[in-house]
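**Q** Structure provided below as structure tokens; questions to follow.
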Amino acid sequence: MATYLVTGATGLIGRHFMAEILARPDTDRVWVLVRERSRDRLTELTHDWPGADKVRPLVGDIRAERLGITDEQVTELSGTIDHLVHLAALYDIAADDDASIAANVAGTQHVLALAGAIRVGCLHHVSSVAVAGDHRGRFTEEMFDAGQRLVTAYHRTKFESERLVRTQSDVPWRIYRPAIVVGNSVTGEMDKIDGPYYFFSALQRLASLPSLPFVFPDIGDTNIVPVDYVAAAMASLVTAPDLDGRAFHLVNPAPQSAREVYNAFARPAGAPLATVELGAGFAKPLVNLVKLAEHVPGVTIARDAVLDRLGIPPVLLSTATFDPVFDSTETRKALAGSGVDVPPLEDYADVLWRYWREHLDPFRARRHGQRGELDGRRIVITGASSGIGRATALKIAEAGGVPLLVARRQAELEEVQAEIAAAGGQAYVYPCDLTDDESVNKTVELMLAEQPGIDMLVNNAGRSIRRSVQLSYDRMHDYERAMAINYFGAVRLILALLPHMIERRFGHIVNVSSIGVQGIAPRFSAYVASKAALDYFSKIVATETHGAGITFTTVHMPLVRTPMIRPTKIYDAFPTKAPEEAADMVMDALVKRPKHIGTPTGQMIAAAYAVAPGLVDAIAYQGYRVFPDSTAAGGSGRLKIGKGDRHLGAAATALARLTRGFHW
């Protein structure tokens, strides 16, 4: 009967190795080093492992001296561990030196110290084919320090950690060097984006191209193995006798060309197949030209921007293929008769692809249903109880989306919800005071708990104040109220939702702004300033979240006949949009996701101000004179216009028509 101590048992290889070892009848007990924060994860995994009653947790950390276990535990373990299997490491080609050294080098030093202290029968160290670096040609299992260059922190620390194991004499050792490890060849299970998975998003985009044959450059060979093979091979080699002091290449016996790997995944992805290979004699100069171009100012920035959009670390371009060819002759001899063999990639590539698409695709939140861009989208709409918000919610539901209705008054939101339900749609009600931090945070927490995800946000709620500055000398609260809802309310909700959107690598935010921001709107210094603040907040945040797939649209909305403009009676005589027409503009923002949506009038006014600001000021001043403050704003009300009247003066009528939809 054999007793084990395993580090990294909750990792990808570790989980599969544990299942193999626990299924063996000669396994007596398996101690598992686990960090305190990962104990629940270990408990979950044991439910799926055979012989789970053999598992004993040992709380510690490879980053701590002697793995952080107590003297009493060291005494208990001394002389009882037949196999210490060291799987814990940082398997990340893009990690920096400090992180890689802490996990891979220092972690191995701590494992060695414990192995010596408890006198283990054999230390089984999981290294990597990365130790071969840029060695050219055949790299055997007996080879180690062959003068190769180690091109990344990962390569360097895996080499150094293996050197530590090889040069110590306290405990016997065996070393295992897996190639690029992908998911389970039967289930597709994989725990993170790594290796060829980084290119899957780009491959998925190629699937939209016509299925035409194309030429693939011969950029070299790679080596890919599924995790179930690695685990099964290790379980067999760990328990086999007389193999101490040897290294084993857990690799595919035959190198796989980049073209073979591309085609293996292109088939299930529906991408065009590479039918012709451009020979190395032609491909190599092209590759060298690309490398040379990196030294041209701006080229690297442009390249990295494209790669970031696809989720590909730039370092992967120089490490995706191998210079060495890994000889696994001795490993295959040791595994002979075990039934453990490497399956061909083309036999299980479709399984890996399906698992990635369903569970790992970082952009899977961007997919929509069959009915169109909004089908199945969860879309938060503020100010949804009336006006533009209500009309937008109805249109979203009609398009297959699920509006999440936000406003202060629950009863009115429920009326909108009932209207949507009566038409066969679905909506949820979330009463919220956007001017209150606690209210917004609780509302967003509830949304995230109840919804599978939140895709979009429409910041529509707002407060309009039409009052000249001469009537505002003692009304600082007008400016504060406008900012509270129009700017801070929207920002508060954006900030609450952004972490969720960034994690899903998708989100679109529509801000209903004002045509007044595009020009000079007399009497709207409070309202337009608050909208302009949100415009520029969004412009800046859009640059910072671009790589996470978060986009913003600003809708410079013209005058719309909603309850918000009712107190200003002169607007009864103005040409305005209906809420349904305004909702169409918001729908365009949601479906097409442009940077800006507006009206020809707004664009004309913005262009005029850019060219002749003085002239625009003079025209705006005339508007200020002919459209006085309303009685509701504390003005004299010299111009009395009741609902339905159309008795503006000639100058006022002409200006209202010329600047259709503008806020005067």
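**Q** Quick check on the range 47-67. Is at least one of its residues surrounded by fewer than 15 Cβ atoms within 10 Å (Cβ to Cβ), of a type in the set (Lys, Arg), assigned by TED's automatic domain parsing to the domain that holds GLU160 and out of contact with any Ser or Thr (no Cβ under 9 Å at 6 or more places or on another chain)?
**A** The answer is yes; a qualifying residue exists.
**Q** What pairs come up if the first residue lies in the range 257-270 and is under 15 Å from PHE322 (Cα atoms) and not assigned by TED's automatic domain parsing to the domain that holds PHE216, the second is of a type in the set (Val, Ile, Thr) and not in a helix (DSSP H, G or I), and their beta carbons are under 8 Å apart, counting only those six or more places apart or on different chains?
**A** As it stands, the answer is none, since no pair meets every condition given.
**Q** May I pose another question? In the range 75-98, what residues are in a helix (DSSP H, G or I) and either touching a residue at least 40 places away in the same chain (Cβ under 8 Å) or farther than 22 Å from THR319 by Cβ (or both)?
**A** Of the residues in the range 75-98, the ones in a helix (DSSP H, G or I) are 75-77, 97-98.
The answer is THR75, GLU76, LEU77, ASP97.
**Q** Turning to a different aspect of this structure: Go through the residues of the range 513-528 one by one and say whether even a single one is modelled with pLDDT of 95 or more, over 24 Å from GLY311 (Cα atoms) and among the basic types (Lys, Arg).
**A** Taking every residue of the range 513-528 in turn, none turns out to be modelled with pLDDT of 95 or more, over 24 Å from GLY311 (Cα atoms) and among the basic types (Lys, Arg).
**Q** Moving on to the next point. Give me a count of the residues in the range 494-514 that are among the hydroxyl-bearing types (Ser, Thr, Tyr) and either in a helix (DSSP H, G or I) or in contact with a Ser or Thr (Cβ under 6 Å, 6 or more places away or on another chain) (or both). I'd like the intermediate steps shown before the answer.
**A** Looking only at the range 494-514, we keep the residues that are among the hydroxyl-bearing types (Ser, Thr, Tyr), and these are 513-514.
With either in a helix (DSSP H, G or I) or in contact with a Ser or Thr (Cβ under 6 Å, 6 or more places away or on another chain) (or both) added as a condition, the list becomes 513.
Total meeting the criteria: 1.
**Q** Then there is this: Which fully enclosed strands (runs of 3 or more DSSP E) of the range 158-230 have 1 or more residues being more than 24 Å from GLY107 (Cα to Cα) and at pLDDT below 95?
**A** Details: elements: 173-178, 180-182, 214-217, 224-226.
Output list reads 214-217.
**Q** Output the number of the condition that ARG566 fails; it satisfies all remaining conditions of (1) surrounded by 15 or more Cβ atoms within 10 Å (Cβ to Cβ); (2) at pLDDT below 85; (3) not small (Gly, Ala, Ser).
**A** Among (1) surrounded by 15 or more Cβ atoms within 10 Å (Cβ to Cβ); (2) at pLDDT below 85; (3) not small (Gly, Ala, Ser), ARG566 violates only (1).
**Q** List the pairs whose first member sits in the range 19-34 and is assigned to a loop (DSSP other than H, G, I, E, B), whose second member is of a type outside the set (Gly, Ala, Ser) and surrounded by fewer than 19 Cβ atoms within 10 Å (Cβ to Cβ), and whose Cβ atoms are under 6 Å apart, counting only residues at least 6 apart or on separate chains?
**A** ALA23/PRO50; ASP26/MET1
**Q** Residue under question is ASN459, and the condition is that it be of a type in the set (S, T, N, Q), touching a strand residue (DSSP E or B) at 6+ places or on another chain (Cβ under 6 Å) and either closer than 30 Å to GLY549 by Cα or at pLDDT below 95 (or both); does it hold? Break it down stepwise before answering.
**A** Working: of a type in the set (S, T, N, Q): yes; touching a strand residue (DSSP E or B) at 6+ places or on another chain (Cβ under 6 Å): yes; either closer than 30 Å to GLY549 by Cα or at pLDDT below 95 (or both): yes.
Taking the combined requirement at face value, the residue satisfies it.
**Q** Across the range 356-388, what is the number of residues that are under 22 Å from THR187 (Cα atoms) and either polar (S, T, N, Q) or buried (at least 18 other Cβ atoms within 10 Å of the Cβ) (or both)?
**A** Let us first name the residues in the range 356-388 that are under 22 Å from THR187 (Cα atoms), namely 356-364.
With either polar (S, T, N, Q) or buried (at least 18 other Cβ atoms within 10 Å of the Cβ) (or both) added as a condition, the list becomes 356, 360-362.
Looking only at that region, the number is 4.
**Q** Output yes when any residue across the range 466-480 is over 19 Å from TYR527 (Cα atoms) and either within 26 Å of the chain's Cα centre (by Cα) or modelled with pLDDT under 95 (or both), and no when none is.
**A** From the range 466-480, those over 19 Å from TYR527 (Cα atoms) are none; that's our starting set.
No, the range 466-480 contains no residue that is over 19 Å from TYR527 (Cα atoms) and either within 26 Å of the chain's Cα centre (by Cα) or modelled with pLDDT under 95 (or both).
**Q** Strands (runs of 3 or more DSSP E) wholly in the range 327-431 with at least 2 residues that are touching a Phe, Trp or Tyr at 6+ places or on another chain (Cβ under 7 Å) - which ones? I'd like the intermediate steps shown before the answer.
**A** Details: elements: 378-382, 402-407, 428-431.
Output list reads 402-407.
The values are calculated or read from the model by the stated rules, or taken from the named source; none is laboratory data. The model shown is predicted, which means the values in this text are computed figures rather than measured ones. Neighbour counts run over all protein chains shown; Cβ positions are idealised from the backbone, glycine included.
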